[in-house]
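The values are calculated or read from the model by the stated rules, or taken from the named source; none is laboratory data. As the structure is a computational prediction, the values presented were derived from the model and not from experiment. Here the Cβ positions follow ideal geometry from the backbone for every residue, glycine too, while neighbour counts run over all protein chains shown. Accessible surface is based on the protein model in full, side chains and every heavy atom, while ligands, DNA and RNA are left aside. Shrake-Rupley method; radii C 1.70, N 1.55, O 1.52, S 1.80 Å.
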Amino acid sequence: PGSGDTATVNGGTVNITASVTVQTLILNGGTLQGSANLTVTQVMTWTEGTQSGSGATNIASGATLNVNNTWVTLDARTLNNAGTVNWTATNQWAFNNGAVLNNLAGATFNAQANGVTLGYYGNGVFNNQGTFVRSGPGTSYVAGPFYNSGTVQVTRGTLRPDNGGNSSGAFTANAGAILQFNSNYTLNPGATLTGAGLYQLT
């Protein structure tokens with residue numbers, strides 16, 4: 001596909017061996033894999049399936065990734081978000097085999113899911129350099145190390161970094177919201193905790 005096309009994957013395996021750019025990507029199942037990079041310039045919708053391999057999937061500045069999943073897996077691949085991610089899941093998002101999600105400076109990750117896990121039982125990493133917003137009900141967990149050099153805003157519900165990490169950035173918990181640290185977590189110089197909500201150590 002070309003840079004103005006919509007690519008749809010409903011099953012099977014797509015092996016990415018050379019860098020490719022598409023306008024829209026719909027991943028309803030199957031596997032995207034390979035060592036080359038895939039860039040989406042407008043909209044990606046991810047409802048099921050796996051992204052794997054040593055390459056990167058890039059959500060361009062101004063583009064949107066909608067993850068309204070039943071079950072999705074990022075397996076040993078890097079996902080770079082320079083735009084907006086809307087995570088409205090009904091099930092988990094697994095990070096396996098050293099997968100990395102980078103929410104880049106100027107980007108936004110909206111965790112609107114109700115009480116599910118980001119990085120479910122995986123060993124991946126979440127790096128937040130932009131803005132991470134937790135706005136859904138219930139408790140959502142970040143199962144892998146969570147590194148924050150940007151801003152984390154818990155506007156509703158509970159966000160629980162569940163497996164360590166560190167921050168030199170800002171945490172804000174609104175009234176009625178909770179940021180809950182469940183394991184060793186390091187606040188480096190420059191880290192701030194503000195807002196009328198609760199900060200809990202379990």
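Taking a probe of 1.4 Å, how large is the accessible area per residue of the chain, in Å²?
Spelled out: the 1.4 Å probe surface of the chain, per residue, equals 40 Å².
Please find the FRET efficiency linking Thr13 to Ser61, where r is the Cβ-Cβ separation and R0 is fixed at 30 Å, and quote it to the nearest 0.05. Present the calculation step by step, with values, prior to reporting the outcome.
Working: r = 29 Å, r/R0 = 0.97.
That pair, Thr13 with Ser61, gives E of 0.55.
For Asn114, which sequence-distant residues (separation of 5 or more, or a different chain) have an amide H within less than 5 Å of its own amide H, given hydrogens modelled in the peptide plane?
Excluding prolines and chain starts, which carry no amide H, the hits are Ala89.
Given a 1.4 Å probe and every protein chain left where it sits, what share in percent of the accessible area of the stretch 112-193 is carbon and sulfur? Numbers along the way, then the final one.
Details: 1340 of 3180 Å².
Summing carbon and sulfur atoms, their accessible area is 42 percent of the total for the stretch 112-193.
Do you know the relative contact order of the stretch 45-119, to the nearest whole percent, from alpha carbon pairs under 8 angstrom that are 6+ apart? Mind dumping the intermediate values first?
Values: 206 pairs, mean separation 22.4, N = 75.
30 percent.
Go ahead and run the numbers for FRET between Ala36 and Thr70, Cβ-Cβ distance against an R0 of 41 Å, rounding to 0.05.
0.90
Would you work out if the chain is rounded, prolate or oblate? Take a ≥ b ≥ c from the square roots of the eigenvalues of the alpha-carbon gyration tensor; rounded if a/c is under 1.5, else prolate when a/b is larger than b/c, oblate otherwise.
prolate
Does the stretch 99-171 come out rounded, prolate or oblate by the C-alpha gyration tensor, with a ≥ b ≥ c the root eigenvalues, rounded set by a/c under 1.5 and, if not, prolate when a/b is larger than b/c and oblate if not?
The shape class here is oblate.
Under 19 Å from the 7 Å Cα→Cβ point of Ser54, by amide nitrogen: which residues of the stretch 27-41?
Residues 32-39 qualify, since their backbone N sits under 19 Å from the label point.
What are the ³J(HN,Hα) values, in whole Hz, obtained from phi via the Karplus relation 6.51 cos²θ - 1.76 cosθ + 1.60 with θ = phi - 60°, for each residue of the stretch 11-19 in sequence order, with x given for Gly and Pro?
x, x, 10, 10, 9, 8, 9, 9, 4
List, in order, the whole-Hz ³J(HN,Hα) value for each residue of the stretch 28-36 obtained from phi through the Karplus relation with A = 6.51, B = -1.76, C = 1.60 and θ = phi - 60°; use x for Gly and Pro.
Running phi through 6.51 cos²θ - 1.76 cosθ + 1.60 with θ = phi - 60° gives 9, x, x, 9, 9, 9, x, 9, 9 Hz.
Among Ile26, Ala191, Thr41, pick out the residue whose Cα is farthest towards the positive end of the charge dipole of the chain, where Lys and Arg carry +1 and Asp and Glu carry -1 on C-beta, about the Cα centre.
Farthest along the dipole direction, towards plus: Ala191.
If a/c stays under 1.5 just call it rounded; otherwise compare a/b with b/c (prolate if a/b is bigger, oblate if not). Do that for the stretch 14-109, with a ≥ b ≥ c from the square roots of the Cα gyration tensor eigenvalues. Don't skip to the end; give the middle numbers.
Values: a/c = 1.30, a/b = 1.03, b/c = 1.26.
In terms of gyration-tensor shape, rounded.
Could you give each residue of the stretch 63-70 its phi-based ³J(HN,Hα) in whole Hz, using Karplus coefficients 6.51, -1.76, 1.60 with θ = phi - 60°, and x for Gly or Pro?
Computed from phi, the couplings for the stretch 63-70 are 8, 10, 10, 9, 10, 10, 9, 8 Hz.
For the stretch 57-129, take the convex hull of the Cα atoms, compute a quarter of its surface area, and give me that in nm², please.
With the hull built on Cα positions only, its mean projection is 4.1 nm².
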